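Trainee: This is the structure I have questions about; it appears just below.
The values are calculated or read from the model by the stated rules, or taken from the named source; none is laboratory data. What you see is a predicted model, and the numbers here were worked out from it, not measured in a lab. Cβ coordinates were reconstructed from backbone atoms using ideal geometry, including for glycine residues, and neighbour counts include every protein chain displayed. The area values use the complete protein model at the heavy-atom level, side chains included, leaving out ligands, DNA and RNA. Shrake-Rupley method; radii C 1.70, N 1.55, O 1.52, S 1.80 Å.
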Amino acid sequence: MRALLVEDEMLLRQQLAESLRGAGYTVDEAPDGEEALYLGREYPYDVAVMDLGLPKMDGIQVIQTLRGEDKHFPILILTARGHWQERVAGLEAGGDDYLVKPFHTEELLARLNALVRRSAGFSSPTIKAGPIELDTSSQRVTVANTELELTSFEYKVLEYLMLHPDEVVSKTTLTEHIYEQDCDRDSNVIEVFIGRLRKKIDAAAQLKPIETLRGRGYRFVAPQ
């Protein structure tokens, strides 16, 4: 999942970015509101963490502008502001949840995980598709109760596909959601990840949960 992290305090931003990457997120960082607005317009995020007290443009303005331009990814507001009226203003601007500083990183990660799931239409941390189960909290995948050993990128590809079942997902879309903005991207690598996933999930080629649609991409279909 790709996250936009907007925080002007450099040390806190670096710490949060490290924690998010450790939790499997691809992270783009913005130190001010103008950079946040640019990134929010340019890249397809799955979730954003937005401080309100930002230089150049405050977080509420950024949220209002993005929502006005039909950017629908969930936004978790971070704020040191203690007044409930200001938290309400952030939510009414288009935020989906909030945390007041100081906070525990574990709670932030849990809230982000819930926002990503719910925006995809899932209420439970565990996504089930026939004998395949993916736990978004522990990042474990099992097939018929047998746990698979997946690399970080294999997990990211499978998680995105399972969060978007029956949708046609292009290689470009997968690339944008698993690599950071300054990364040298090669969409052909996606084919390698898909090939590995098929062997690990379905060595006997009986389930066939990942379809290839020539010239269009891939589609995850729940096995019957």
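Trainee: Run lengths n ≥ 4 of DSSP H only: what is the helix-derived mean residue ellipticity at 222 nm for the chain, with -39500 (n - 2.57) per run over all residues, to the nearest 500? Could you put the intermediate results ahead of the total?
Mentor: Numbers: 8 runs with 92 residues, N = 224.
About -12500 deg cm²/dmol.
Trainee: For ARG41, what accessible surface area do you get with a 1.4 Å probe? Give it in Å², rounded to 10.
Mentor: Number for this one is 100 Å².
Trainee: Once the whole set of protein chains is in place, how much accessible area is left on ASP96, using a 1.4 Å probe, in Å² to the nearest 10?
Mentor: 80 Å²
Trainee: How much net charge surrounds THR212 when only the other residues with a Cβ under 11 Å from the Cβ of THR212 are counted, with Lys and Arg +1 and Asp and Glu -1? Don't skip to the answer; put the middle values down first.
Mentor: Details: positive: LYS171, ARG198, LYS208, ARG214, ARG216, ARG219; negative: GLU191, GLU211.
Result for the local shell: +4.
Trainee: What does the accessible area per residue of the stretch 1-151 come to in Å², with a 1.4 Å probe and no ligands, DNA or RNA counted? List each step's numbers first, then the result.
Mentor: Working: 7280 Å² over 151 residues.
Counting only protein heavy atoms, the per-residue value for the stretch 1-151 is 48 Å².
Trainee: While we're looking at this one, here's another question. For the full complex of protein chains and a 1.4 angstrom probe, list ASP58, ASP202 by accessible area with the highest value first. Provide the component values of the computation, followed by the final result.
Mentor: On the way: ASP58 55, ASP202 20 Å².
Largest to smallest exposure gives the sequence ASP58, ASP202.
Trainee: For an R0 of 22 angstrom, estimate the FRET efficiency from the Cβ-Cβ distance between GLU92 and TYR43 and round to the nearest 0.05. Don't jump to the answer; show the numbers that get you there.
Mentor: Working: r = 25 Å, r/R0 = 1.14.
That gives a FRET efficiency of 0.30.
Trainee: So for the stretch 118-224, what percent of the C-alpha to C-alpha distances run longer than 20 Å? Please report the intermediate quantities before stating the final value.
Mentor: Working: 2010 of 5671 pairs.
The answer is 35 percent, as a whole percent.
Trainee: Compute the separation of the alpha-carbon centres of the stretch 142-218 and the stretch 27-63 and state it in Å as a whole number.
Mentor: 28 Å
Trainee: Below 8 Å, C-alpha to C-alpha, sequence gap of six or more: please give me the relative contact order for the chain in percent. Please report the intermediate quantities before stating the final value.
Mentor: On the way: 357 pairs, mean separation 36.3, N = 224.
Here the relative contact order equals 16 percent.
Trainee: A further question follows. Carbon and sulfur: what percent of the chain's accessible surface (1.4 Å probe)?
Mentor: Numbers: 5150 of 11210 Å².
Summing carbon and sulfur atoms, their accessible area is 46 percent of the total for the chain.
Trainee: While we're looking at this one, here's another question. Could you pull out which residues in the stretch 41-62 have an amide N less than 20 Å from a spot 7 Å beyond the Cα of VAL189, following the Cα-Cβ vector?
Mentor: Answer for the stretch 41-62: 43-46.
Trainee: Pairwise over distinct Cα atoms, reciprocal of the mean inverse distance: report the Kirkwood radius of the chain in Å, one decimal place.
Mentor: On the way: mean 1/r = 0.0546 Å⁻¹.
The answer is 18.3 Å.
Trainee: In whole angstrom, and with the biggest value first, how far do the Cα coordinates of the stretch 74-116 range along each principal axis?
Mentor: 25, 21, 9
Trainee: Contour minus end-to-end for THR151 and GLU69, with contour as 0.36 nm per residue of separation and end-to-end as the Cα-Cα distance?
Mentor: Once the chain is fully extended between THR151 and GLU69, it gains 25.9 nm.
Trainee: Heads up, I need the accessible area for LYS171: 1.4 angstrom probe, whole protein in place, Å², nearest 10.
Mentor: Accessible area of LYS171: about 50 Å².
Trainee: Right, something else. Restricting to bridges with both residues inside the chain, how much of the DSSP beta-bridge set is antiparallel, in percent to the nearest 5?
Mentor: Details: 15 of 32 bridges.
Here the share of antiparallel DSSP bridges comes out near 45 percent.
Trainee: So, one more: For the stretch 96-149, max minus min Cα coordinate along each principal axis, in Å, sorted largest first?
Mentor: 42, 23, 12
Trainee: Rank GLU106, GLU167, GLU133 by accessible area, highest first, at a 1.4 Å probe radius?
Mentor: On the way: GLU106 135, GLU167 90, GLU133 60 Å².
If we order GLU106, GLU167, GLU133 from most to least accessible, we get GLU106, GLU167, GLU133.
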